[in-house]
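First the structure, in the form of C-alpha cells, and then the observations on it.
Please treat every number below as a calculation from the coordinates, not as lab data. Treat the numbers as computed from the prediction; the structure is a model and nothing was measured. FYI the Cβ positions are ideal-geometry reconstructions off the backbone, even for glycines, and counts take in every protein chain you see.
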Amino acid sequence: MRHALLAGYAAVCLLAITWPGYAALGVGPRPFVLGVPFVVVWNLGWVLASFGVLVLYHRAGRADRSARSRPSAGGRDEGAR
C-alpha cells in the first residue's frame, strides 16, 4: 500500500513541477516571496516536501522489516520447529 501511495505522490509532484503544473498556476517572474521569485519557492517547496515523504517512506519500511524479524510471543521463531 505504501508503495502505491509513494507512486501517487511522485506523479502529483511530477505534474506540479513540470510544464503542465506551471501552466495551470500561471507562474511568471512575479510575485516575489521574501524577495525570491515564486517559481523558485514553488520548486523548493516540492523538493522539501519530497524529502519529507521519502524520510517517512524509509521509516515505515524499516518499521515493517523490524516487526517481521521479531520472534513470536512464545519466544521461539515460528520457522525453527
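Kindly identify the range 2-67 as rounded, prolate or oblate by the Cα gyration tensor criterion: order the square roots of the eigenvalues as a ≥ b ≥ c, call it rounded if a/c is under 1.5, otherwise compare a/b with b/c, prolate if a/b is larger, else oblate. It is oblate, given that a/c is not under 1.5 and a/b is not larger than b/c.
If I stretch the segment between residue 58 and residue 39 completely, what's the gain in nm (0.36 nm per residue apart, minus their alpha carbon distance), one decimal?
Full-extension gain reported as 4.0 nm.
Put a dot 7 Å past the Cα of residue 15, heading toward its Cβ, do the same for residue 65, and the two dots end up 3.3 nm apart. Amide H to amide H distances under 5 Å link residue 33 with 38, where only residues 5 or more positions off or on other chains count and H is placed in the peptide plane.
Along the range 30-46 the Karplus relation, 6.51 cos²θ - 1.76 cosθ + 1.60 evaluated at θ = phi - 60°, assigns HN-Hα couplings of 10, x, 9, 10, 6, x, 10, x, 4, 4, 5, 5, 4, 5, 4, x, 5 Hz to successive residues, with x for each Gly and Pro.
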